[in-house]
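Nothing in this text is a laboratory measurement; each read-out follows from the coordinates by a stated rule. Just so we're clear, the structure is a prediction, and the values are computed from it rather than from any experiment. So basically every Cβ, Gly included, is an ideal-geometry build from the backbone, and we count neighbours across all protein chains shown.
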Amino acid sequence: MDRELKRRRDKPSARKVVRIPAGKKSVVLGVTGSIAAYKSAELASLLVKQGHEVFVVMTQDATEFISPLTLQTLSKNPVITSFYDEKENWRPGHIDLADRANLLLIAPATAHVIAELAHGLAGHPLVAIALATRAPILLAPAMNGKMWQHHATQENVEKLKARRVEFIGPEEGMLACGYEGLGRLWKLNDIAFRAEFLLSRHDKLIA
Ligand SMILES: Cc1cc2nc3c(=O)[nH]c(=O)nc-3n(C[C@H](O)[C@H](O)[C@H](O)COP(=O)(O)O)c2cc1C
């Protein structure tokens, strides 16, 4: 091989860095029964504005806090609240979403759903998707500070982190339950930014 060509090829600065842009990705947005559930409407909008397909999956308790219709309108996709919503296809909708997802983001994530995930339960579509997907999982917890700091919750969080589930927050501040402490849902812009980072990190790994 020509000496000059070899020298140029081996020079680190001459190596081509291939970056694949995040582009349009499928984000499954899980919403659970926290007082912060209303904020998921804005989060769904932010993710749509970032150019992604957003599929909202709600727990039954979440529907007490925000209407599926609101999230359906903002996400521009049908919302799943039960295994029995899924009658469109021969293929179970939760397995379809688990396979399509490039990211599973649960915001807000209650103490209850964190415990279900840590124990690998599959009693409703959101936790079943978490078991079936191989996409990265990001949780944004929101709860009373004592619930967050309880050993049971912290053990569940550690278990999930050991399985490479990522967390953002909670943050400290005035909580809806009247206490001040650690338990508020993290800022929505930061959650959307972290989601973007996880989506593009996956691309760069492939590149
Ligand atoms: C007004 C109200 C607010 C609540 N807020 C929270 C909360 O922020 N975080 C939490 O973990 N649980 C909260 N809970 C309790 C959950 O709704 C309850 O644990 C429920 O079983 C969660 O179900 P899910 O995780 O399946 O959505 C709240 C309950 C009520 C009535």
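Name the residue farthest towards the positive end of the dipole of the chain from the options Gly145, Pro68, Val27, assuming +1 on Cβ of Lys and Arg, -1 on Cβ of Asp and Glu, about the Cα centre.
Val27
Mind jotting down the distance between the C-alpha centroids of segment 19-84 and segment 88-158, whole Å?
Segment 88-158 and segment 19-84 have Cα centres spaced 14 Å from each other.
Which loop-located GluC sites (Glu not before Pro) does segment 40-92 contain, where loop means any DSSP state but H, G, I, E or B and the Cβ has at most 15 other Cβ atoms within 10 Å?
Glu88
Once a ≥ b ≥ c are taken as the square roots of the eigenvalues of the Cα gyration tensor of segment 22-206, is the result rounded (a/c under 1.5), prolate (a/b larger than b/c) or oblate (a/b not larger than b/c)?
On the way: a/c = 1.36, a/b = 1.30, b/c = 1.04.
In terms of gyration-tensor shape, rounded.
Taking a ≥ b ≥ c as the square roots of the Cα gyration tensor eigenvalues, with a/c under 1.5 meaning rounded and otherwise prolate when a/b beats b/c, else oblate, which class fits segment 29-92?
Since a/c reaches 1.5 but b/c is at least a/b, the shape of segment 29-92 is classed as oblate.
Can you list the trypsin sites (Lys or Arg not before Pro) in segment 81-185 that are in a DSSP coil and have 14 or fewer other beta carbons within 10 angstrom?
Lys87, Arg134, Arg163, Arg164
Based solely on its DSSP helices, what 222 nm [θ] is calculated for the chain when runs of n ≥ 4 H residues each add -39,500 (n - 2.57) and the sum is averaged over all residues, nearest 500 deg cm²/dmol?
Calculated from helices alone, the mean residue ellipticity at 222 nm is -12000 deg cm²/dmol.
Hey, can you grab everything whose amide H is under 5 Å from the amide H of Met58? Only 5+ residues off in sequence or another chain; H modelled, so Pro and N-termini drop out.
Counting only residues 5 or more places away or on other chains, the set is Val31, Ile80, Thr81.
Beyond a 29 Å Cα-Cα separation, which of these cross-linked pairs lie in this structure: Lys25/Lys146; Lys49/Lys146; Lys76/Lys161; Lys24/Lys159; Lys159/Lys187? Before the final figure, lay out each step's value.
Values: Lys25/Lys146 36 Å; Lys49/Lys146 35 Å; Lys76/Lys161 31 Å; Lys24/Lys159 31 Å; Lys159/Lys187 24 Å.
Beyond 29 Å between Cα atoms: Lys25/Lys146; Lys49/Lys146; Lys76/Lys161; Lys24/Lys159.
What does the extension gain come out to for Ser67 and Phe193, with contour length at 0.36 nm per residue minus their alpha carbon separation?
Values: separation 126, 0.36 × 126 = 45.36 nm, distance 2.51 nm.
Gain on stretching Ser67 to Phe193: 42.9 nm.
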